[in-house]
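Scroll down for the structure; my scribbles are underneath it.
The values are calculated or read from the model by the stated rules, or taken from the named source; none is laboratory data. Everything numeric here is computed off the predicted structure, so don't read it as measured data. To get the accessible areas, we keep the full protein, side chains included, count just its heavy atoms, and leave off ligands, DNA and RNA. Shrake-Rupley method; radii C 1.70, N 1.55, O 1.52, S 1.80 Å.
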Amino acid sequence: GTPSGNVTVSDGTDSCFLALAGGAGSCVLTSTTAGAKTLTATYAGTANYTGSASSGTAHTVNEASTVLQISGDAPDPSVTGEAVTVSWNTIIVVSPGSGTPTGLVTVSDGSGASCSAALAAGSCSLTLPLAGSRTLTATYAGDANYSTSASAGSSLTVSGAATTTAITAHTPNP
């Protein structure tokens, strides 16, 4: 005869179900975590057929790739010692990956100044102590399920801070 009924395919965390049609079938299993998995298929059985399970097949789920971009920096131009807020777009998970990454983004000017914030925060404040042209780069550290990524450079001009000079005393007078 031809078995009927349901089969569950699992990777140990996530699963999909299928109803047997003619004794065979397939389902789409979407793993939500990266790492080494063992895929098993379990047949529930019916009144006429006993249940059974496969011995397991090794399968690896890689981290999803990500893309991060700086969306702005303000004020630009800025002056030495002034806090600059650097913003980034929500990180893009490259297909076929999906989901919501977590973790930290670090913004650096390439000469030692940096700031960090949670990816979800969308920005951090960076204080640049030296005048000149800077190239800001945002780097996502990744997490267990999403790979690291770095933005393309974003230009920022830092001008010298304005100063004033005043004579406060002079002696002898006269």
* **Size-normalised alpha-carbon gyration radius of segment 12-67, reference 2.2 N^0.38 Å** => 1.40
* Just the accessible area per residue of the chain, please: how many Å² with a 1.4 Å probe? -> 59
* Taking N as its residue count, the alpha carbon Rg of segment 60-103 over 2.2 N^0.38 Å -> 1.67
* To do: Could you tell me the convex hull volume per residue, in Å³, taken over the Cα atoms of segment 88-169?
  => 111
* Structure fact -> Per the Kirkwood formula over distinct C-alpha pairs, the hydrodynamic radius of segment 29-174 in angstrom is 19.2
* Ignoring ligands, DNA and RNA, what percent of the accessible area of the chain is carbon or sulfur (1.4 Å)? -> 53
